[in-house]
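Okay, structure first, notes after.
The values are calculated or read from the model by the stated rules, or taken from the named source; none is laboratory data. Note that the structure is predicted; figures quoted are calculated from it, not measured. Positions of Cβ are generated from backbone atoms using ideal geometry, with glycine treated the same way; all protein chains shown enter the neighbour counts. Each accessible area value is taken on the protein alone, full model and side chains, heavy atoms only, with ligands, DNA and RNA left out. Shrake-Rupley method; radii C 1.70, N 1.55, O 1.52, S 1.80 Å.
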Amino acid sequence: MTPEDFLRDMFAAATGTPPTPGSEQQYNGLNSFVLGLIVEKATRHSFTTELERRIIRPRHLHHTSLPDADDPTIPSPHAVVHLDGQDVTEQSPYPWAGGGMISTAADPDRFMIALFRGSLLPPAQQKLAFEVPNAKSAAGNSNCVGQAACYSIGGLLRHQLPSGEYAWGKTGSRPGWDNGFFAIRDLRHRVVYSLNPTGTGNDLLYINAGLAD
């Protein structure tokens, strides 16, 4: 399935009346699909090509890639995950720009350091990466605690810690996988994790963490 076909199916299945623009924040991965298509139209290159040229190679993310939609393989070594007794380690990465990337714990940590230090984005875009709109959170935003929006305009999830500080990052999941990376703004504390949420009470598959105190 191509990204265009996926988007066409999702939009065709959409029902209901959207909220008034600016009144409610609804997290939706389709936004990332649309941005990926915009990148391809604007540059006349594939999204993968631009991702590698602008981010992966300059930031030395040697173990990060965006495979083709029909390629389910994962470079070794890698974790093995199960769901309902089935090995679901290899899956078709159909999310494409919406979350189809493959990486290790070290590479998201390296990316996070570059992003937080301001070496990845121009100042105007850097500001948006940490600016949360003044809007309510849609009922389906399970990651938001309370009724206020918790995603920045740049797509980072904000979570308030018991200390009062905010951690910023991103989560992602596929059947059998639950991953994420977070850090506070000064990078004193940061973590990259990957879990196998099997529901059996032994959900922790492994955690690869980059921590700084």
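Annotations
- Computed FRET value (nearest 0.05) for E24 with R185, which takes r as the C-beta separation and R₀ as 41 Å: 0.95
- When +1 charges are put on Lys and Arg Cβ atoms and -1 charges on Asp and Glu Cβ atoms, the dipole computed for the chain relative to its Cα centre reaches about 940 debye.
- Taking 0.36 nm per residue of separation and subtracting the Cα-Cα distance, full extension of the segment from R57 to I102 would add 14.7 nm.
- Solvent-accessible surface of segment 27-184, averaged per residue with a 1.4 angstrom probe and all protein chains in place: 57 square angstrom.
- Percent antiparallel among DSSP beta bridges (both partners in segment 21-177, rounded to 5): 85 percent
- Residue by residue, segment 62-76 carries 3J(HN,Hα) couplings of 5, 10, 10, 7, 10, x, 5, 4, 9, 10, x, 6, 10, x, 8 Hz when phi is fed to the Karplus relation 6.51 cos²θ - 1.76 cosθ + 1.60 (θ = phi - 60°); x denotes Gly or Pro.
- Estimated FRET transfer efficiency (V145, L83; beta-carbon r; R0 22 Å; 0.05): 0.25
- Area projected by the alpha carbon convex hull of segment 74-143, averaged over all directions, nm²: 7.7 nm²
- By the rule of a C-alpha distance below 28 Å, with chain neighbours fewer than 8 residues away ignored, the lysines paired with K41 are K127, K170.
- In the chain, the DSSP-assigned H stretches of four residues or longer account for a calculated mean residue ellipticity at 222 nm of -6500 deg cm²/dmol, using -39500 (n - 2.57) per stretch and the full residue count as denominator.
- Segment 89-139 - percent of accessible surface contributed by carbon and sulfur, probe 1.4 Å: 57 percent
- Per-residue HN-Hα couplings for segment 129-134 [Karplus 6.51, -1.76, 1.60; θ = phi - 60°; Hz; x = Gly/Pro]: 5, 10, 10, 8, x, 7
- Cα-based Rg and Dmax for the chain, where Dmax is the largest Cα-Cα distance (Å): 17.7, 49
- Label-point separation in nm, S173 to Q125, each point 7 Å along Cα→Cβ: 3.0 nm
- Net length available on complete extension from T49 to D70 is 5.8 nm, with 0.36 nm assigned per residue and the Cα-Cα distance removed.
- Residues Q91 and D9, FRET efficiency given R0 of 25 Å [Cβ-Cβ distance, rounded to 0.05]: 0.85
- In this structure the amide hydrogen of D178, modeled in the peptide plane, comes within under 5 Å of the amide hydrogens of L195, none closer than 5 places in sequence on its chain.
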